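Participant: One structure coming up, written as structure tokens, with questions to follow.
The values are calculated or read from the model by the stated rules, or taken from the named source; none is laboratory data. All values derive from a computational prediction rather than experimental measurement. For neighbour counting, all protein chains shown are included, and Cβ atoms are generated from backbone atoms with ideal geometry for every residue, glycine included. The area values use the complete protein model at the heavy-atom level, side chains included, leaving out ligands, DNA and RNA. Shrake-Rupley method; radii C 1.70, N 1.55, O 1.52, S 1.80 Å.
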Amino acid sequence: MSRNVLVLADVRDGALRNVSLECLAAAGRVAEGGKVTAAVFGSKAKSLAVTLAHHGADEVIVVENDQLDQYTTDAYFQAFKQVIDTVGPDVIFTGHTAVGRDVSPRIAARLGVGLISDCTDVQLTDGRIVFTRPIYAGKAFVKKVVKSGMVFATLRPNNIPAREPDPSRKAEVKELDVTFAPETLRTIVKEVVKKTAEGVDLSEARIIVSGGRGVKSADGFKPLQELADVLGGAVGASRGACDAGYCDYALQIGQTGKVVTPDLYIACGISGAIQHLAGMSNSKVIVAINKDPEANIFNVADYGIVGDLFEVVPMLTEEFKKV
Ligand code: FAD
């Protein structure tokens, strides 16, 4: 059964986030000959259409409007709803990001259709789409099938690989004019204050070096940042470290922080509380550095180093510099 599948491209600072391309890969898995459409918003939207085509979009709907450069609920809701009304898709994918988590349930509720959030896998089995998502803070996974009607799905970043770009692929690019009545926009972004360092985006990072209360101070994060820089990764943190004021809450990983699935997660001075594991236990390889051999983090770690992080982390940095 062929399906029309719509993907909302996630754009940050005028660039496509990788999860947009992962959503296109998921769309390609389930379209079964139907059309894969990507919607992209913002004043640079048109320039992003080619990349979307190379990664699997058959059609790109461009809404070039500078009121969509920064995400706001009202503007995105109106623009995306208009795209959905135009395309009439069977399945709609967004990233399980701040954007997708806000706009998808809002429109699904308005349309009275279903939503499956935080999917870690999407497969076609006997002609039906099977969505996999974690439950019980990542301790188990459920598979869900939607029997009929339109469905929204948000995809957790770093779980479904993006397709290799095919420069010969072309998409039909359509411009959609969306205008907003000023009284319908309840929020206007006046300034964006970035609290985390420029560089690798934590939720899409392939390598994360994460620090907990064992790091002991804001200065204690410096060796972790050095290791992350050498590895081309990002720095994350436990809530313990954030609560202690060692780092900003933007770095928090866990049940009430970011959920990450990097290829490599290096946990330094983190005990491994269930709420922290909820945000990182699906990482592909976990390395734990902790001076307590009984720490719970070792139960989920692929490699454990019992030792003082202030000795181990600089040693790792020096060794990786040689590679
Ligand atoms: P601790 O538990 O204090 O662990 C510090 C570890 O560092 C210890 O294991 C110690 O052995 C080790 N250590 C100390 N010094 C060194 C050293 N020099 N070298 C090596 N190891 C050292 N937590 C999250 O992380 N994310 C969440 O999203 C989150 N959400 C929560 C939501 C709720 C509703 C609640 C109730 C709690 C939540 N928590 C969350 C908090 C969570 O329960 C833990 O309190 C927190 O994760 C502990 O942080 P920690 O591991 O850094 O600190």
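Participant: Which whole-number percent gives the relative contact order of the chain, counting Cα pairs below 8 Å spaced six or more residues apart? Could you put the intermediate results ahead of the total?
Facilitator: Working: 719 pairs, mean separation 46.6, N = 323.
Here the relative contact order equals 14 percent.
Participant: Running a GNM on the chain with Cα contacts under 10 Å, which residue among Ala273, Ala153, Ala53 ends up with the highest mean-square fluctuation?
Facilitator: Ranking Ala273, Ala153, Ala53 by mean-square fluctuation puts Ala273 first.
Participant: For the stretch 1-83, give me the percentage of DSSP beta bridges that are antiparallel, rounded to the nearest 5 percent.
Facilitator: About 20 percent, rounded to the nearest 5.
Participant: Cα atoms only, the stretch 278-323: Rg and Dmax in Å?
Facilitator: 11.7, 34
Participant: Another one. Taking the 0 to 90 degree range and rounding to the nearest ten, how far is the long axis of helix 73-87 tilted relative to the main principal axis of the chain, both from C-alpha atoms?
Facilitator: Long axis of 73-87 versus the principal axis of the chain: about 50 degrees.
Participant: Just how many % of Cα pairs in the stretch 21-167 lie over 18 Å apart, if you round to the nearest whole percent?
Facilitator: Of the Cα pairs, 57 percent sit more than 18 Å apart.
Participant: Also, I was wondering about something else. Over the chain, give the accessible area per residue in Å² for a 1.4 Å probe, as an integer.
Facilitator: 48
Participant: Just for the Cα atoms in the stretch 1-57, what are the lengths along the principal axes, largest first, rounded to whole Å?
Facilitator: 37, 17, 16
Participant: Leaving out ligands, DNA and RNA, what percent of the accessible area of the stretch 1-99 is carbon and sulfur, probe 1.4 Å?
Facilitator: So the carbon and sulfur contribution to the accessible surface is 45 percent.
Participant: Report, largest value first, the span of the C-alpha coordinates of the chain along each principal axis, in whole Å.
Facilitator: 58, 48, 39
Participant: May I ask for the angle, rounded to the nearest 10°, between helix 45-54 and the longest principal axis of the chain, with both axes built from Cα atoms and the value confined to 0 to 90°?
Facilitator: For 45-54 against the chain, the angle is about 80 degrees.
Participant: Whats the longest run of the chain with zero GluC sites (Glu not before Pro) that are DSSP loop and have at most 15 other Cβ atoms within 10 Å?
Facilitator: 33-190
Participant: For the chain, give the share of DSSP beta bridges that are antiparallel, in percent and rounded to the nearest 5; count only bridges with both residues there.
Facilitator: 20
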